[in-house]
Structures are given as structure tokens and as C-alpha cells.
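Below you'll find the structure, written out as C-alpha cells, and then a few comments.
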Amino acid sequence: MIIPKLPTVHLDTTLADLYREHGIRGPFVVTMYCVFGGLDLHAHFPRERVWPEDEEPVPYPDDDRAAQDRLRKVILGIKPLRRAWGLGNMEVLFFGPNITAKGVRTALSQLPRSQRHVPRFVDLERGPVSEQLRGMTAKTSATGEVNGTERQLEDKKKKLLFWRPQGWMREHDCLIDPQEAYDINSKKYLVTSGMRTPPSLIIDLQTTDLSSPTSSSPFLTRPTPFVVKLCRAGCGFGTYLVRTEPERASTLVALATYQRRGVSEVLLSDYIDLSEDLAVHFLVGAPGTAHDRTNPLILGVTIQTLTPSGKWTGGHIDYSAQPRLQAYVCETLRDTARRLPASFVGWAGIDIVTDKTPARKQFVVDLNARFTGSMPICFMSGHFWERRGLALAQFAAFEYAGARADAIYERLNGLVQSGRAVVTATATIDGGGEEGGDNGSTHMADIVWGGRDQGDLARVEREIRDRLGEKPEVRLPEVAE
């Protein structure tokens with residue numbers, strides 16, 4: 001199949017450009033992979049034992065092998081590809097055989113050469129990730145083997161950027177210390193740092209009696225409503241809104257499970273009856289620069305979409321409202337950034353909710369001191385708003401069937417050619433692949449699309465679904481937005 005020539009997507013900027021302009025010195029090697037504490041993603045990419053989360057990035061059934069195998073393909077396939085969009089001139093690690101050079105070529109070709117990241121492939125079948133990566137950013141010189149080529153790497157001069165800290169990173173030169181990243185991305189840090197978070201208690205789960213009717217545990221005695229949060233979990237996983245007695249009962253069941261797993265601490269917070277839920281994406285420049293942690297640079301404010309139980313399912317950006325929204329959150333953001341460690345630099349995000357009181361008080365309910373899943377749409381104002389008059393943009397993952405993953409460009413040709421939709425990543429989840437399979441093969445794609453307003457945005461989404469064969473949209477949670 002011949003893929004139609006794709007229009008060029010000019011980003012407003014890239015992460016590489018921002019880092020260079022604001023004194024964050026590279027060069028860099030980036031890994032966008034997450035890991036699981038109870039699931040080996042591959043024999044040579046095992047579960048995380050040094051810095052595990054309290055809840056998995058995407059919870060999965062313990063007794064369903066098929067579901068676990070599929071999840072591995074999604075995490076090793078589509079996720080790192082879609083997160084790399086917008087990194088710019090940085091080397092990005094991809095693990096084969098799930099991702100190959102041919103598989104990334106089409107999506108990457110849409111960007112100008114100066115805005116493309118540089119894929120670097122490591123074959124999981126050739127041995128443990130930790131050994132293969134030792135030469136790339138190791139603190140001491142080493143001989144590395146990449147794509148079957150032996151060479152003395154100079155990559156020891158490059159700093160490692162990561163999505164989540166992993167044990168193998170301890171021997172690498174990282175921009176942010178992995179232990180520090182682990183600590184400040186805990187929700188406990190919201191409390192201990194003095195950020196404007198809802199009033200909260202840090203509770204030792206291991207010493208809490210969850211079952212006795214006479215227990216004085218606040219989980220049993222505190223009047224509703226309130227919120228319980230795991231310290232280390234994303235996308236709303238591990239967050240429980242306790243507004244009714246049935247919700248209290250289900251939360252107690254969940255806490256008992258976490259207690260058995262060994263989770264040590266949880267937060268019990270005031271419930272905020274919110275009027276707005278915003279995600280602020282920003283950059284902290286090097287100390288002494290115009291946008292250091294005393295004056296962070298806002299790159300975008302997105303409007304979050306949550307389920308009734310508080311789980312994150314995505315969001316959208318309104319480019320026309322950015323001046324107003326950025327001014328609205330600026331003071332809360334500056335207060336938050338000042339409480340980050342002095343050593344922290346780079347991309348980050350916070351979630352801000354506004355209550356319904358006349359004062360419209362703002363609270364920081366999550367800190368993502370790392371890359372955020374919405375980073376790419378923060379760089380696409382020129383593409384959608386300035387050039388096409390599309391004020392809103394949204395992204396999501398879609399699942400579709402067919403012989404080839406890249407058939408999506410033909411199915412969405414009208415939307416893609418007009419710039420209404422941009423396919424930022426494709427991957428085969430079951431069967432087929434780049435060389436083609438039967439029509440029952442299953443693929444996933446990450447797509448960003450624009451709309452004039454909310455109704456138009458929804459209409460384009462329906463059109464994408466229809467053209468992909470009316471497969472249900474798959475909103476896999478960001479790990480972790």
C-alpha cells in the first residue's frame with residue numbers, strides 16, 4: 001500500500017528548543033517507558049523493584065494472562081511513540097521488536113527535520129535492558145552495542161531524561177536524580193512541601209485497623225465527603241472519592257488490598273466540590289534564567305476530563321482561552337514551583353481544582369514533576385488555531401482492525417490532508433504488523449484532532465471512529481497524567 005504524501009506539521013516549539021533556550025544543557029537521551037511493580041514487561045525488561053508505584057500505571061487482572069500480554073504490547077508499543085512527539089532534536093530510546101525504524105518513519109516524517117526526534121533502537125531479544133543501555137549515558141565509559149553495531153560510545157556525555165525513575169538508571173547521568181524524582185512525584189510531597197493542596201493527613205496504612213467495628217480509624221469514623229489517595233499512583237488510579245457510605249465500603253475493600261500488598265502510607269484529604277479542573281504544563285529553566293523556579297514558563301493549560309469516580313480519561317486544550325487561563329493559574333503555579341527542590345529543572349505539570357465558594361480558591365491536587373501526556377498539544381497552537389481557525393484540540397488512542405497499521409492514513413486521508421487530524425503514532429497490538437497481516441489484526445493509533453468548538457470537536461471524533469470501523473475508542477490512561 002502506498003501511503004498518501006502527508007502534510008507537514010509545524011510545531012510552535014519543541015522540548016529540545018525550550019531546554020536550550022532556558023539554560024538546560026544537554027545533549028540528552030530520552031526514555032519514555034513506564035514500568036510495573038508486579039508485571040515483567042519482557043524477560044529482559046523486568047518489573048521495577050527499586051522505585052515501584054503503589055498502584056500500577058494501568059491496573060490489570062492478576063488472573064488474566066491474555067489481558068496482561070496485550071497490556072505489554074500496548075506499553076512497549078504505542079505509549080513511548082506517542083509521548084515522543086514534540087521532543088525535537090533529542091535521541092529517544094525505543095525497544096524492539098515491538099518498535100522498529102520502519103514503524104516510526106511515517107509519523108515522524110510529518111515533522112520538519114529540525115523538529116524530529118532521533119530514534120535509537122535497543123533489541124529486547126538481545127539481552128537485559130540495563131546491560132544494553134550501560135554504554136549510552138553511563139557515568140563511566142563503556143562499550144555499547146546498539147542495532148548490532150559495536151562501538152565505543154561517547155554517550156557518557158549525554159544526560160538521561162525519563163518518564164518514571166527505574167532502578168537501572170542509578171548508574172547513569174540523569175538530568176534529575178531518580179531518587180529525587182521518585183520522592184517529589186509522591187502526593188506526600190504536596191503536603192510536606194507546603195503546596196496549596198487540600199488539607200490532608202498522612203496515614204500509616206500498615207498500622208491502621210480497617211476491619212474492627214470499634215476501630216478509631218478515620219477511614220471508618222470521618223464524616224463524608226472526603227478523599228483517599230495513594231501517594232504514588234497516576235491517572236486517578238488509587239484515588240477514592242468517599243461521598244456516600246457505599247463508597248466508603250468499597251474504599252475500605254481497596255485499602256485492605258493495598259495494605260496486604262505492603263503500601264505504607266496514604267493521604268486522607270478534604271473533599272473539594274470543584275467548579276474547574278485544569279492541568280498546567282510548564283517549564284522550569286536553569287537557576288538564574290528568566291524562567292527559573294521563581295517564574296516558570298507556562299506552555300499550556302488544558303481542561304481535564306474525569307469519570308464520576310475521579311479517574312482521568314483525557315482532556316482538551318482551548319488555544320483561544322490560553323491568555324485568560326494562564327493569567328488565572330499564574331500565581332498558584334509560581335507558589336508551587338518555588339516549593340520544588342532547587343535542583344529541579346525541566347518540564348512539569350500540576351493539576352489545579354477551583355472550589356465553588358465565592359472566593360474561588362485554587363488547590364493543587366497533583367504534581368507531575370516530569371513529562372506530561374498532554375505536552376504535544378501544547379506545541380500545536382500554530383497548526384490548529386493560527387493556520388486553521390480551530391480553537392480546540394484533543395488527543396486520544398484509538399483501536400482499529402485491518403491488515404496493516406499504516407492503513408489508518410488512507411482511512412483518515414481527508415482529515416489528515418486538511419490538517420484536522422494528526423496521527424502521531426501507530427502500533428500493531430495483535431497480529432499483522434508493518435509487513436501486513438490478515439484483516440483481523442488489531443492496531444492502535446494516537447491521534448490529535450482539532451475543532452472550532454466542543455460540538456465540532458465531538459463531531460470530528462465521531463468521524464474518526466466511523467472511518468476506523470466504529471471500533472470503540474480506547475482511552476488508555478496516561479502513565480501518568
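Worth pointing out:
- Under the Debye formula (equal points on every Cα, no solvent term), log10 I(q)/I(0) of segment 272-357 at q = 0.11 Å⁻¹: -0.32
- Within-14-Å neighbourhood charge of ALA391 [Cβ basis; K, R +1; D, E -1]: +1
- Antiparallel bridges, percent of DSSP beta bridges restricted to segment 1-128 (to nearest 5): 10
- Here segment 1-121 is assigned +1 on the Cβ of each Lys and Arg and -1 on the Cβ of each Asp and Glu. Its dipole about the Cα centre then comes out at about 820 debye.
- GluC sites (Glu not before Pro) restricted to segment 371-453 and DSSP loop, no more than 16 other C-beta within 10 Å: GLU435
- Once the Kirkwood radius over Cα pairs is known for segment 337-379, the Stokes-Einstein relation at 10 °C and 1.306 mPa s delivers a diffusion coefficient of 130 µm²/s.
- Average accessible surface area per residue within the chain, 1.4 Å rolling probe, Å²: 40
- From the coordinates shown, P(r) over Cα pairs in 10 Å bins from 0, in percent corresponds to which of (i) 3, 11, 13, 9, 7, 6, 5, 5, 7, 8, 9, 7, 4, 2, 2, 1, 1, 1, 0; (ii) 4, 19, 30, 28, 15, 3, 0, 0; (iii) 4, 16, 24, 25, 20, 10, 2, 0: (ii)
- For PHE94, the solvent-accessible surface computed with a 1.4 Å probe is close to 0 Å², ligands and nucleic acids excluded.
- Signed unit charges on C-beta, dipole axis of segment 2-49, positive-most listed residue PHE28, LEU39, THR8: LEU39
- In Hz, Karplus ³J(HN,Hα) per residue of segment 212-221 (6.51, -1.76, 1.60; θ = phi - 60°; x = Gly, Pro): 6, x, 9, 4, 8, 4, x, 5, 9, 9
- Estimated from helical segments only, the mean residue ellipticity of the chain at 222 nm is -7000 deg cm²/dmol, where each DSSP H run of four or more residues counts as -39500 (n - 2.57).
- Around the Cα centre of segment 205-319, unit charges on the Cβ atoms of Lys, Arg, Asp and Glu (plus for the first two, minus for the last two) sum to a dipole of about 420 debye.
- Close amide H pairs (under 5 Å, H built 1.01 Å from N) link TRP163 with THR31, TYR33, residues at least 5 positions away or on another chain.
- Placed amide H near ILE429: partners under 5 Å, 5+ positions off or other chain: THR442, HIS443, MET444
- Of all accessible heavy-atom area on the chain, the percent that carbon and sulfur account for (1.4 Å): 50
- Near LEU299, the amide H atoms lying under 5 Å from its own belong to HIS281, PHE282, LEU283; only residues 5 or more places off or on other chains count, and H is placed 1.01 Å from N.
- Helix axis angle, 322-338 relative to the chain longest principal axis, alpha carbon, degrees: 60
- For segment 1-38, applying the loop criterion from DSSP together with a ceiling of 11 other beta carbons within 10 Å to the trypsin sites (Lys or Arg not before Pro) yields LYS5, ARG25.
- Here the chain is assigned +1 on the Cβ of each Lys and Arg and -1 on the Cβ of each Asp and Glu. Its dipole about the Cα centre then comes out at about 900 debye.
- Two-decimal Rg to Rh for segment 1-106 - Kirkwood Rh, Cα set: 1.04
- Packing, taken as the mean count of other beta carbons within 10 Å per residue, orders the peptides 59-68, 367-376 from highest to lowest as 367-376, 59-68.
The values are calculated or read from the model by the stated rules, or taken from the named source; none is laboratory data. Note that the structure is predicted; figures quoted are calculated from it, not measured. Virtual Cβ from ideal backbone geometry, glycine too; neighbours counted across all protein chains shown. In case anyone asks, the SASA skips ligands and DNA or RNA and just uses the protein heavy atoms, side chains included. Shrake-Rupley method; radii C 1.70, N 1.55, O 1.52, S 1.80 Å.
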